[in-house]
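Peer 1: The structure that follows is given in the form of structure tokens.
The values are calculated or read from the model by the stated rules, or taken from the named source; none is laboratory data. Since the model is a prediction, treat every value here as computed from it, not as a measurement. All Cβ positions, even for glycine, are placed from backbone atoms using ideal geometry, and neighbour counts span all protein chains on display.
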Amino acid sequence: MSQNISSAQMDTPTGSALQTPQGRTTIADVVVSKIAGIAARDVSGVFNLGGGSARAVGALRERIPGGRKNVSQGVAVEVGEKQAAIDVDIVAEYGVAIADLAAGIRENVISSVERMTGLQVTEVNVFVHDVHVQSDDDREPEVTEPPRVQ
């Protein structure tokens, strides 16, 4: 049997999509950060997520046998009972209009998180840490001295 719930009922604590007379749904922060991370990566013009140290740790993690890519890297969330606030750290592709990129990230993250979780996203803050230039990938790796001891 289906119930019709009006928008007025959805705003009440017992009538929200996450809290019903039949029970309560709690969504962990890591779930919201994964959804937001995947949604942000899907936006054209995002080279990577995370600041310098987060990307370095992520690169090391991927090299470890059995290591997986951390899809929530560069994403911080604050999740309440009905709302979520999200911070996304990115590296943008060179040539992309950063204001348009940030707007696209916000739109994609908000729609994905709200659709999948039922939480209202109150804000998505985008921090651009770097701009990726293709020539960065073309550089020769730095030559390091051989170890002094074996």
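Residues are listed down the side, and each one gets a yes or a no for (1) surrounded by fewer than 16 Cβ atoms within 10 Å (Cβ to Cβ); (2) at pLDDT 95 or above; (3) more than 30 Å from THR26 (Cα to Cα); (4) touching a helix residue (DSSP H, G or I) at 6+ places or on another chain (Cβ under 8 Å):
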position	(1), (2), (3), (4)
GLY45	no, yes, yes, yes
VAL57	yes, no, no, no
ARG68	yes, no, no, yes
VAL77	no, yes, no, yes
VAL88	no, yes, no, yes
ILE98	yes, yes, yes, no
GLU107	yes, yes, no, no
ASN125	yes, yes, no, no
PRO147	yes, no, yes, no
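Peer 1: Enumerate the pairs (first residue in region 21-33 and more than 15 Å from VAL109 (Cβ to Cβ); second residue anywhere and in a loop (DSSP other than H, G, I, E, B)) with beta-carbon separation below 6 Å, excluding pairs fewer than 6 apart on the same chain, so at least 6 apart or on different chains.
Peer 2: Close Cβ pairs (under 6 Å, with a partner that is in a loop (DSSP other than H, G, I, E, B)) amount to THR25/LEU18.
Peer 1: Still on this model: Taking GLY37 as the residue in question, decide whether it is touching a strand residue (DSSP E or B) at 6+ places or on another chain (Cβ under 8 Å), of a type outside the set (A, V, I, L, M), surrounded by 13 or more Cβ atoms within 10 Å (Cβ to Cβ) and at pLDDT 90 or above.
Peer 2: yes
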